[in-house]
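K.L.:
Dropping a structure here in structure tokens format, bear with me for questions.
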Amino acid sequence: MFNVFYFFLLSIVLIFAKKKLNMLIYFVGYIAAGKNKWGKKLAKEYNYNFVDTREIMEGKSGLSFAELLQDKNLYIKLEQEALAEVSVMENTVVATSEMLPCRADNMSVLNNTGITVFLRAGLGCIMMKIAKRTNEIPYLRGMDSDFIPDFIKMELDNRKQFYQQAKINYLARELTMDKLLELLKK
């Protein structure tokens, strides 16, 4: 009887360990929210792989992200291919492009195949992070600097309905690794 109990207990532990070991974690949010930063840190903490859907898209096409944005149909096609590729990965942390969760049924796919983490970043935080590199961001390049905050606010408002479907929703500037690990355990 004693051995049966320990066998049962060990089986339960292994089931939960396997569940943890085969996680897929997605970071969603707007540009400069910290998806890559936190994704890489978490991947290192869990000893997982880290992938960025933008890099997958660039690799498949041989084009830069800026070039991809010039062809909306190609961009969306590659975005869907990247989603199909990452959604079957295991032991992986994924930084999604800021637009990926906002198309079709993508947020449902993310939620059904892994744990989604929405890193909320306010307009002020985003502006501070991108202030010196707006010319590196394809859709902001050449935009009147006075209009950029209004444009980003509009984008944040439009995307919020998708991002807020994430299983975890947390203010990026207040996130710590301990807090992130705690949120993921729930």
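Values in this text are rule-based calculations from the coordinates and carry no lab data. All values reported here derive from a predicted model rather than from experimental measurement. Glycine gets a Cβ as well: all are built from the backbone with ideal geometry, and neighbour counts include every protein chain shown.
K.L.:
May I ask you to sort THR53, THR96 by Cβ crowding, counting other Cβ atoms within 10 Å and putting the fewest first?
P.N.:
THR53, THR96
K.L.:
Right, something else. Could you check the simple spin-label distance between ALA84 and LYS41, using points 7 Å along Cα→Cβ, in nm with one decimal?
P.N.:
The two pseudo-label positions are separated by 3.5 nm.
K.L.:
Using θ = phi - 60° and the Karplus curve 6.51 cos²θ - 1.76 cosθ + 1.60, what whole-Hz ³J(HN,Hα) does each residue of the stretch 73-82 get, with Gly and Pro shown as x?
P.N.:
Here the 3J(HN,Hα) series is 5, 5, 4, 5, 4, 5, 5, 5, 5, 5 Hz.
K.L.:
Can you give the local net charge around VAL93? Use residues other than it whose beta-carbon is closer than 12 angstrom to its beta-carbon, Lys and Arg +1, Asp and Glu -1.
P.N.:
Combined, the nearby Lys, Arg, Asp and Glu give +2.
K.L.:
Suppose only helical runs count, i.e. DSSP H with n ≥ 4. What mean residue ellipticity at 222 nm does that imply for the chain under -39500 (n - 2.57) per run, divided by all residues and rounded to the nearest 500 deg cm²/dmol?
P.N.:
Estimated from H runs of four or more residues: -16500 deg cm²/dmol.
K.L.:
If you don't mind, another one. How would you rank ARG133, ARG159, ARG54, going from fewest to most other Cβ atoms within 10 Å of each one's own Cβ?
P.N.:
Listing ARG133, ARG159, ARG54 from fewest to most nearby Cβ atoms yields ARG133, ARG159, ARG54.
K.L.:
Show me, for the stretch 117-134, the HN-Hα J-couplings you get by feeding each phi into the Karplus relation (A = 6.51, B = -1.76, C = 1.60, θ = phi - 60°), rounded to Hz, glycine and proline as x.
P.N.:
10, 8, 8, 7, 9, x, 4, x, 5, 5, 4, 5, 6, 9, 3, 8, 9, 4
K.L.:
What nm distance separates the two modelled labels at MET154 and ASN112, each placed 7 Å from Cα along Cα→Cβ?
P.N.:
Going by the 7 Å Cα→Cβ label model, 3.3 nm.
K.L.:
Further, regarding this structure: Using each residue's phi in the stretch 168-183, evaluate 6.51 cos²θ - 1.76 cosθ + 1.60 at θ = phi - 60° and report the 3J(HN,Hα) Karplus result to the nearest Hz, with x for Gly and Pro.
P.N.:
10, 10, 9, 6, 4, 5, 9, 6, 10, 5, 4, 5, 4, 4, 5, 5
K.L.:
Could you list which residues have their amide H under 5 Å from that of ASP52, counting only those 5 or more apart in sequence or on another chain, with H placed in the peptide plane?
P.N.:
The answer is ALA95.
K.L.:
A follow-up question, please. Students often check this: by mean Cβ neighbours within 10 Å, which of 65-74, 86-95 ranks highest, and how do the rest follow?
P.N.:
In decreasing order of mean packing, 65-74, 86-95 become 86-95, 65-74.
K.L.:
Whose amide H sits under 5 Å from the amide H of TYR26, counting only residues 5 or more places off or on another chain, with H placed in the peptide plane?
P.N.:
VAL94, ILE115, THR116, VAL117
K.L.:
Next up: Considering all alpha-carbon pairs of the stretch 21-179, what whole percent are spaced by more than 18 angstrom?
P.N.:
58 percent
K.L.:
Under 8 Å for C-alpha pairs, at least 6 residues apart: give me the relative contact order for the stretch 21-179, rounded to a whole percent.
P.N.:
35 percent
K.L.:
What is the sum of charges around THR53, taking Lys and Arg as +1, Asp and Glu as -1, for the other residues whose C-beta is under 9 Å from the C-beta of THR53?
P.N.:
Cβ neighbours under 9 Å give a net charge of -3.
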